[in-house]
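> Below is one structure. I have some questions about it.
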Amino acid sequence: MSENWTGQTFEVDLGNPGHGGFVVARHEGRVVFVRHGLPGERALVRVTEDKGGSFCRADAITVLDASPHRIDPTCPISGPGGAGCCDYSHANLSVQREMKTSVVREQLLRLARVESDVAVEELPGTGDGTGWRTRVRLAVDGHGVAGYHAYRSNRIVTDLRCTQIDQSAYDGLGGAQWAPGSELQVVLDAAGQRHVVEIAAPAVSKTGRRTPGRRGAMARRAASGGPRKTRVAIGSDTVIERVGNREWALAATGFWQAHRGAANAYSQVVGEWAGAATADTAWDLYGGVGVFASVLADLVGPSGVVESVESSARAVADGRAALSDLGQVRFHSARVENVIADLERSPAVVVLDPPRAGAGRPVVEALAATGAERIVHIGCDPASFGRDIGLYLEQGFRIGGLRAFDAFPQTHHMECIALLER
């Protein structure tokens, strides 16, 4: 076992970006994952985490030879020792997208053995890379003060200046006024209204362990009315969102794309790639409130069928209300893996937008068995996306299209969409 380097500082040359918001360096035969650096730089780094083995994690604390693409960080709370929010805010937007492009290509090559020229694209509404977010989940520390989690830590940085969301979102939220351990869901909706919902701390079981919460990626499928109590502090527990000419009223704590331009952009891709014809059957899996179901319904028409599956009962109810004029859409409140066998068989196309962990082998194999000619797969993590693409290829599909979007500017995150054809 190697020596524990935690707290040590040394100089390194920074190499290619890796999946997770860092660039790769080497020191004394070990790999060092360095945050807050850029490819080609030389930096003094401090090791922040070392669990032994072949790699450790570090922060670039002093840049000795800076990249010409380095800028003053756009986020004042995300630097070394700070919050885990904007890990790319020290790079200009074009370089951020080049780094993300490198990562998604590497993940596709490594996990799916696919060589791709896909490039990460800008989404409409990005602007200068700040203020693009319409919703954020804040943590509350033990003193009742809201903030952001530090990187890979339960420590909370009680500084509400992250620039991903408009600063008006934070008005009146500072200071010790919230229940310790709770969370705040803050939404700036399409109607121009601000909503703040306090979500109670996770319950503690008889064993003393907290019941798992729904923070981060798991919030994609969360809805109010679950096991954690909520309290509306500002606005309402129902928010208004729009795609094209259609409007949704959904739970403030439910899932909607964070980037203001994402839902429209992805809907356009789904509409272009689905290839469904009048009277076809289409599936919308992990369907949320039915954004993609509405696109598919327009393609198959009143004589077709759209099966939409979503595990959140509140999201299903909100989707039914929003699409009440589309009788061809059938909503199912269930886990995808539990209901595939019960859906109307032989879909012409399947659209799926699984959570960060991806679809996985059982779901991919079940979809292949349906006989669907086309699958439109959306993924918010390039690693699980690459793994799933490899699984489709094993099942006899080929890639008919690949796109990637900079849906989370200033961060290492992105959204990928693939068209798989039998």
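> Any chance you could run the full-extension gain for A233 through A249? It's 0.36 nm times the residue separation minus the Cα-Cα distance, nm to one decimal.
This chain segment gains 3.9 nm when fully extended.
> Considering only the other residues whose Cβ falls under 13 Å of the Cβ of T62, what net charge follows from Lys and Arg at +1 and Asp and Glu at -1?
-1
> So, with +1 on the Cβ of K and R and -1 on the Cβ of D and E, and no other charges, what is the size of the charge dipole of the chain about its Cα centre, to the nearest 20 debye?
1220
> To continue, here is another question. Considering only DSSP beta bridges where both residues belong to the chain, give the percentage that are antiparallel (nearest 5).
So the antiparallel bridges in the chain amount to around 70 percent.
> Also: Ranking request for peptides 251-262, 178-189, 162-173: highest mean number of other beta-carbon atoms within 10 Å first, then the rest in descending order.
Final packing ranking: 251-262, 178-189, 162-173.
> Considering Cα pairs under 8 angstrom that are at least six residues apart, work out the relative contact order of the chain and quote it in whole percent.
That works out to 13 percent.
> Then there is this: Using the basic label-point model (7 angstrom from Cα toward the beta carbon), what is the H143 to E272 distance in nanometres?
About 5.1 nm separates the two model spin labels.
> Please give the net charge around A249, taking every other residue with its beta carbon less than 12 angstrom from that of A249, where Lys and Arg add +1 and Asp and Glu add -1.
-1
> Using amide H atoms built 1.01 Å from N in the peptide plane, name the residues 5+ places from G37, or on other chains, whose amide H lies under 5 Å from its own.
For G37, whose amide H was placed from the backbone, the distant partners under 5 Å are V23, A60.
> So, counting K/R as plus one and D/E as minus one, what does the shell of residues with Cβ under 12 Å around E115 add up to?
That works out to +1.
> Loop-only trypsin sites (Lys or Arg not before Pro) in the stretch 1-90, please: DSSP not H, G, I, E or B, and at most 16 other Cβ atoms within 10 Å.
Counting only loop positions with at most 16 other Cβ atoms within 10 Å, the trypsin sites (Lys or Arg not before Pro) in the stretch 1-90 are K51.
> If I fit a long axis through the Cα atoms of helix 382-394 and take the longest principal axis of the Cα atoms of the chain, what angle between them do I get, 0 to 90°, rounded to 10?
Its long axis makes an angle of about 50 degrees.
> For a paramagnetic label modelled at 7 Å from the Cα of R330 toward its Cβ, which residues of the stretch 269-295 fall within the zone defined by backbone nitrogen distances under 20 Å?
276-295
> On to the next question. Label-point separation (nm) for S346 and E115, each offset 7 Å from Cα along Cα-to-Cβ?
About 4.0 nm separates the two model spin labels.
> While we're looking at this one, here's another question. Could you please state how large a percent of the accessible area of the chain is carbon and sulfur, counting protein chains only and using a 1.4 Å probe?
After summing per-atom areas, the C and S share lands at 49 percent.
> Using the heavy atoms of the protein chains alone and a 1.4 angstrom probe, what is the accessible area of the chain per residue in square angstrom?
Per residue, the chain has an accessible area of 42 Å².
> If you restrict to DSSP beta bridges whose two residues both lie in the stretch 307-419, what percentage is antiparallel, to the nearest 5?
The antiparallel proportion sits near 55 percent.
> Please turn the phi angles of the stretch 264-275 into ³J(HN,Hα) values with the Karplus equation 6.51 cos²θ - 1.76 cosθ + 1.60 (θ = phi - 60°), one per residue in order, whole Hz, x for glycine and proline.
5, 5, 5, 4, 5, 5, 4, x, 6, 9, 4, x
> Rounded to the nearest 500, what is the 222 nm mean residue ellipticity of the chain from helices alone, with -39500 (n - 2.57) per DSSP H run of 4+ residues and division by all residues?
Mean residue ellipticity at 222 nm (helix-derived): -5500 deg cm²/dmol.
> So if I take the centroid of the Cα atoms in the stretch 98-176 and the same for the stretch 278-307, what is the distance between those two points in Å?
The two parts, judged by their Cα centres, are 31 Å apart.
The values are calculated or read from the model by the stated rules, or taken from the named source; none is laboratory data. Computed from a predicted structure; not experimentally measured. Positions of Cβ are backbone-derived with ideal geometry, glycine not excepted, and every protein chain shown enters the neighbour counts. Areas reflect the complete protein model, heavy atoms only, side chains present, ligands, DNA and RNA absent. Shrake-Rupley method; radii C 1.70, N 1.55, O 1.52, S 1.80 Å.
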